[in-house]
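Worksheet: one structure, shown below.
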Amino acid sequence: MNAPMTAAALAAKDFKSDYKPVWCPGCGDYSVLSAITKALATLGLRPENVAVVSGIGCSSRIPAYTTCYGFHGVHGRALPAATGLKAARPDLTVLVASGDGDGYSIGGNHFLHACRRNVDLTYIVMDNHVYGMTKGQPSPTTEPDWSSKLAPGGTGLREFHPLVIALASGANYIARGFSGDPNGCAALIAEAVRHPGFSFVEILSPCVTFRPEQREWKQAVRPSPVEPTEDPARAARRLMTDDGFNIGVLFKGIRPAFSGAAAQATHAVADLEAGFSL
Amino acid sequence: MKRSVSAALAGSGGAGVMTAGNMLLEAAALAGYYGLMTRTSGPQIRGGEAAAMVRVSTFATDGQDDRFDLLAAIDWQNVHRFASELPLGARSLVIGDPAHGEPPAVFLGSGARYVPVPLKKIAAGIPGAWPNMVALGLVAGLIGLPFDAVGRAARKAMKKGLEAGIAAAQAGFSEATSLQEKQGFVLEEPPSKSSRWLITGNEAAGYGALRAGVRFVAAYPITPATELLEWLSPALAKVGGTLVQAEDELASINMALGASYGGVPSLTATSGPGLSLMIESLGLGVTAEIPVVVVDVMRTGPSTGIATKSEQADLNIALNGLHGDAPHVVVAPNSVADCIAATEWAVGLAESLQVPAIVLSDQYFGQARAVVDMPAFSKNEFQREKTTQGENYKRYAITPSGVSPMAIPGAPGCTYTADGLEHNEKGTPSSQAGDHLAQMDKRARKLAQLDPGEGWASIEGEGDTAVVTFGSCTGPVREAMVRYGKNVRLISLRLLSPVQPQRLKKALEGVKRVLVVEQNHSGQFLRYLRADYELPGEVKSLRRPGPLPFRPDEILQCLNGWEAS
């Protein structure tokens, strides 16, 4: 993480661009955008020292809605792009934005390996249990009986549990937020940025267009009754009884972040020619 | 006395034929000769049959000869599988250990002579020695290398068992002097000394990348590109760069794009299957205008194909595999040494034009080790122009050159979002027809306006017959031209995209016949030439799929046959 700037502190609005989002009225992602900008302001960062990287989907539109450097790449590949960026430029603060389709389905393999690799990134997944941009298909977190045009009567498949996967794969910080509480989300994101290594923040962010019943999430969510733990076994036991609506930090690990960044050069390039000389 | 001798060392896995082959080539290099070693192996991870194919010559060469003068087998287990890759002739000599039986009939059908040498028995007389070192000494003796060079090569290569190894090589060397056949294979005196390197195509591509400033590499292992990545790993650490091993090729290309977006010249290396996976993201590099370089060390395809063997069949996907209209750079090195310059150039073009570049190397170059004259490097003139000008910054500004000012994260006042969505000049996503056309024009223009200089092709010779080729076919074509002795032009294209029709037209002025040589089944290169270039006069295609490399004689026959008709 960067040292906070002492010069003129910026407000959340300074991190919000003037582009009009493509999102539907009432989309949870508006609040996540607010939470991100608020967290960046809280952290005392400058937009030019922050990069927001994303893939494809409703949530992945976020980079251009900030005043930070943005990277809106290919479907499912936000984490590798962010990994390369952070490894090449460890001085930058790198946030990654994704959704349940982009992050858990097409990008699922990268999720496992980003957790494992533990690069100092903050991964924010806006989970609405549906593919919204393609107008309402089941995602990995969709309930098995949710009926849609593509899967009439439901998929019959059990849901993917992102927090379990993150913990099992080695993420160093695991939290769940709810977009209906942008201040709470901002706090989770700010803490995630401060925490070394790979930080995963899953945010329940209702899709009021294709999953209007998700408006009821605000009644379902509750603050997690327990404090965060640094013990993965303990965190795993808590997840056994988790119904998906406990909000807060579950796990704060102590694994050192990936240290693959470049060391100081010890040789000139031409020195390598010695290896070819007879 | 010969100007070129070709020897193959073959045996089952663990017999040490690659070790012996490398030492033979190094000994030849230390003795002042040129040469190269290519390799073939079975599909097994360990314990598979293998052959080291070593050519030693008084002149620089980038290809194998028509046939092998010597085939020395440590044993014959499955070696017959390489018969088509180890052509022999009536003057060839087959050396085998009688303890392993007679040579397979396929090797003697050509009329080659057979001399049994008890390699194992000789080695057994020296505690700690292995038959491969006996074979090394034997071949070195037969071709007339000084034993001192063999000893020096062994000392460089062997960490343990050095004394026994040298004693075994000495025993083999002595055996050679007693073989009558020796007369036929002794090399002429080596050419006058010059500074030379011993380098593989994969190492050369890696070194070219570092010379061009690449400091981030994402790596996913794949035969035959793995050695390139393995060479880069410690090399990058020395020069202050970073290598990250990715979980798959989808990740490696995106890691490279991410790092390059961060301002660090970036590269990954792969082969056909990996390139296929990277294609979508290369399109992101085109649209978001992020420089990135992929070295494709081609192997036979499609699908998994023959992973360990060479073919020039990724040309189509490299040129045209991207969806949408996606102008990008494709460069093909045409010698082992050129893997340095071509990769360096590709990085420079990618960086200066803010575009992805594909380097089409192949297994033949990548895994060949060659003695090359030390390259004379010119200064890299292609660099990325970075901007810190924040006033009304437009990342994708329409410019006469098509290249727009690129800000690097960290620069205040010019933040923007690099986007795979079509966008306007500021980078804001746009579905407007006008923005799409303007950006398409801009992305096409920066390549169309490129002045590639002399490097677009290697052009040699004069005459009204031209051989047009690319990549690893170039060496055999060049050798065929020397043997043909009459006036022929060689045009080996190095810059395959953007196309250079005007330059080729000029290079083909006065040409009445064009022979197109390529190593793939469908004639991808011919069709590429037909689509984008004018080929004057009569056009003939000489092509076949991998893995067999073209032999100079085949190309010569083609030229002769043409003349006769």
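When you scan segment B:523-565, how many residues do you find that are outside any loop (DSSP other than H, G, I, E, B), among the hydrophobic types (A, V, I, L, M, F, W, C) and closer than 30 Å to B:ARG81 by Cα?
Total satisfying the criteria: 5.
When residues of segment B:393-403 are filtered for being more than 14 Å from every other protein chain (Cβ to nearest Cβ) and within 23 Å of A:PHE15 (Cα to Cα), how many remain?
Count: 1.
Evaluate the following for B:ALA407: is it of a type in the set (A, V, I, L, M, F, W, C), surrounded by 17 or more Cβ atoms within 10 Å (Cβ to Cβ), more than 18 Å from B:LEU353 (Cβ to Cβ) and modelled with pLDDT of 95 or more?
Against the criterion (of a type in the set (A, V, I, L, M, F, W, C), surrounded by 17 or more Cβ atoms within 10 Å (Cβ to Cβ), more than 18 Å from B:LEU353 (Cβ to Cβ) and modelled with pLDDT of 95 or more), B:ALA407 does not qualify.
Does segment A:138-197 hold any residues that are basic (Lys, Arg) and surrounded by fewer than 16 Cβ atoms within 10 Å (Cβ to Cβ), and which are they?
Hits for segment A:138-197 are A:LYS149, A:ARG158, A:ARG194.
Could you tell me which numbered condition B:MET133 fails, if it satisfies all but one of (1) within 29 Å of B:ALA341 (Cβ to Cβ); (2) crowded, with 20+ Cβ neighbours inside 10 Å?
The failed condition is (1).
Give just the number: which of (1) surrounded by fewer than 24 Cβ atoms within 10 Å (Cβ to Cβ); (2) of a type in the set (S, T, N, Q); (3) closer than 24 Å to A:ILE106 by Cβ; (4) within 14 Å of chain A (Cβ to nearest Cβ) does B:SER233 not satisfy?
(3)
If you check B:GLY366 against the conditions, is it in the same structural domain as B:TYR261 (by TED's automatic domain parsing) and either in a strand (DSSP E or B) or out of contact with any helix residue (DSSP H, G or I) (no Cβ under 9 Å at 6 or more places or on another chain) (or both)?
No.
How about segment B:149-250: which strands (runs of 3 or more DSSP E) wholly inside it have at least 3 residues that are in contact with a Ser or Thr (Cβ under 9 Å, 6 or more places away or on another chain), more than 23 Å from B:THR58 (Cβ to Cβ) and modelled with pLDDT of 95 or more?
Strands (runs of 3 or more DSSP E) meeting the threshold: B:216-219, B:242-245.
Specify the residue that is farthest from the other protein chains (Cβ to nearest Cβ); the eligible residues are those in segment B:256-290 that are closer than 19 Å to B:TRP231 by Cβ and touching an Asp or Glu at 6+ places or on another chain (Cβ under 9 Å).
My answer is B:SER271.
Out of B:LEU282, B:LEU236, I need the residue that is over 19 Å from B:ILE358 (Cβ atoms), in contact (Cβ under 8 Å) with a residue 24 or more places away in the chain and among the aliphatic types (A, V, I, L, M). Which one?
Sole residue among the options that is over 19 Å from B:ILE358 (Cβ atoms), in contact (Cβ under 8 Å) with a residue 24 or more places away in the chain and among the aliphatic types (A, V, I, L, M): B:LEU236.
If you scan segment B:185-230, which residues turn out to be within 30 Å of B:LEU93 (Cβ to Cβ) and facing chain A (nearest Cβ under 9 Å)?
If the condition is that a residue be within 30 Å of B:LEU93 (Cβ to Cβ) and facing chain A (nearest Cβ under 9 Å), then B:ARG196, B:LEU198, B:ILE199 are the ones that fit.
Filter segment B:3-43 down to the residues that are part of a loop (DSSP other than H, G, I, E, B), of a type outside the set (Ser, Thr, Tyr) and within 14 Å of chain A (Cβ to nearest Cβ), then identify the one that is nearest to B:VAL94 (Cα to Cα).
My answer is B:ALA31.
One line per residue, one yes/no per condition, for (1) over 20 Å from B:GLN312 (Cα atoms); (2) outside the structural domain of B:ILE317 (by TED's automatic domain parsing); (3) of a type in the set (S, T, N, Q):
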{"position": "B:THR465", "(1), (2), (3)": "yes, yes, yes"}
{"position": "B:GLY471", "(1), (2), (3)": "no, yes, no"}
{"position": "B:VAL477", "(1), (2), (3)": "no, yes, no"}
{"position": "B:LYS506", "(1), (2), (3)": "yes, yes, no"}
{"position": "B:VAL514", "(1), (2), (3)": "no, yes, no"}
{"position": "B:HIS521", "(1), (2), (3)": "no, yes, no"}
{"position": "B:PHE525", "(1), (2), (3)": "no, yes, no"}
{"position": "B:LYS540", "(1), (2), (3)": "no, yes, no"}
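The values are calculated or read from the model by the stated rules, or taken from the named source; none is laboratory data. Since we're looking at a predicted model, the values are computed, not measured. Cβ coordinates were reconstructed from backbone atoms using ideal geometry, including for glycine residues, and neighbour counts include every protein chain displayed.
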